[in-house]
Amino acid sequence: DAKTTQPPSMDCAEGRAANLPCNHSTISGNEYVYWYRQIHSQGPQYIIHGLKNNETNEMASLIITEDRKSSTLILPHATLRDTAVYYCIVRVEGNQFYFGTGTSLTVIP
Amino acid sequence: SAVISQKPSRDICQRGTSLTIQCQVDSQVTMMFWYRQQPGQSLTLIATANQGSEATYESGFVIDKFPISRPNLTFSTLTVSNMSPEDSSIYLCSGGQGSNEQFFGPGTRLTVL
């Protein structure tokens, strides 16, 4: 079963930062948090992942709270092409991914 | 990163028939998985495809319905057997190296009439 909960939908103005929250209160000490997005029923696209520390790459930043019970994905300057369903996933010990319902992000012109 | 392709990209099948979906990775990966995505829903893990041994199925999925092969580190197949309209879904495979990120294929869109 998925170990994450996310709001079902969010809107963001084009050019502004999109902050997508995720709760994972039952996460274990060695379980990573991953973020993927899915556009138009294509295969999910990897965005970023982290364990304890905040992470940044060319696509996004990941902020993980100190207690690791929640995290936030930040898209610094959202564009229309960022409209997608965003999934926050906790990778379990066997490396399986159990997807939750995700957040449908709509970037508004 | 790994690039994953799937065949066929889509198919329309008759009730009671079977379809085998192929998943090819452009590099060796230790882990491969199969997922189902029903219309308007999230992805559901079907099974872990184990190289050289029987797949490990998630609750609600059985080998007789979804036999899986994984003969090597770059290839796997999923068969959807004795199909019914309820099997109409997108089927996706993914692959990755151990604890690193998984890469997903584009999916196979299956319609059962």
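The values are calculated or read from the model by the stated rules, or taken from the named source; none is laboratory data. Since we're looking at a predicted model, the values are computed, not measured. Methodologically, a virtual Cβ is constructed for each residue, glycine included, from the backbone with ideal geometry; neighbour enumeration extends over all protein chains shown.
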Yes or no: segment A:53-74 includes at least one residue that is out of contact with any strand residue (DSSP E or B) (no Cβ under 9 Å at 6 or more places or on another chain) and within 14 Å of chain B (Cβ to nearest Cβ). yes
Within segment A:65-83, restricting to residues that are surrounded by 21 or more Cβ atoms within 10 Å (Cβ to Cβ) and touching a Ser or Thr at 6+ places or on another chain (Cβ under 8 Å), the one that is nearest to A:I39 (Cα to Cα) is A:L73
Of the residues in segment A:75-108, those that are within 14 Å of another protein chain (Cβ to nearest Cβ) and not in a strand (DSSP E or B) come to A:V92, A:E93, A:G94, A:N95, A:Q96, A:Y98, A:F99, A:G100, A:T101, A:G102
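Does segment B:103-113 hold any residues that are more than 10 Å from the chain's Cα centre (by Cα), within 14 Å of chain A (Cβ to nearest Cβ) and either surrounded by 16 or more Cβ atoms within 10 Å (Cβ to Cβ) or within 17 Å of A:N95 (Cβ to Cβ) (or both), and which are they? Explain how you work it out, then say what you get.
The initial filter retains those residues of segment B:103-113 that are more than 10 Å from the chain's Cα centre (by Cα), namely B:103-104, B:106, B:109-113.
From what is left, the residues that are within 14 Å of chain A (Cβ to nearest Cβ) are B:103-104, B:106, B:109-111.
Correct list: B:F103, B:F104, B:R109, B:L110.
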Just one listed residue, out of B:V3, B:V25, B:V62, is at pLDDT 95 or above, farther than 26 Å from A:D1 by Cβ and among the hydrophobic types (A, V, I, L, M, F, W, C), and it is B:V25
The strands (runs of 3 or more DSSP E) lying wholly within segment B:1-102 that contain at least 1 residues that are under 11 Å from the mean Cα position of the chain (by Cα) and surrounded by 13 or more Cβ atoms within 10 Å (Cβ to Cβ) are B:4-7, B:19-25, B:31-37, B:43-49, B:68-72, B:75-80, B:89-96
Apart from one, (1) part of a loop (DSSP other than H, G, I, E, B); (2) under 11 Å from the mean Cα position of the chain (by Cα) all hold for A:G43; the odd one out is (2)
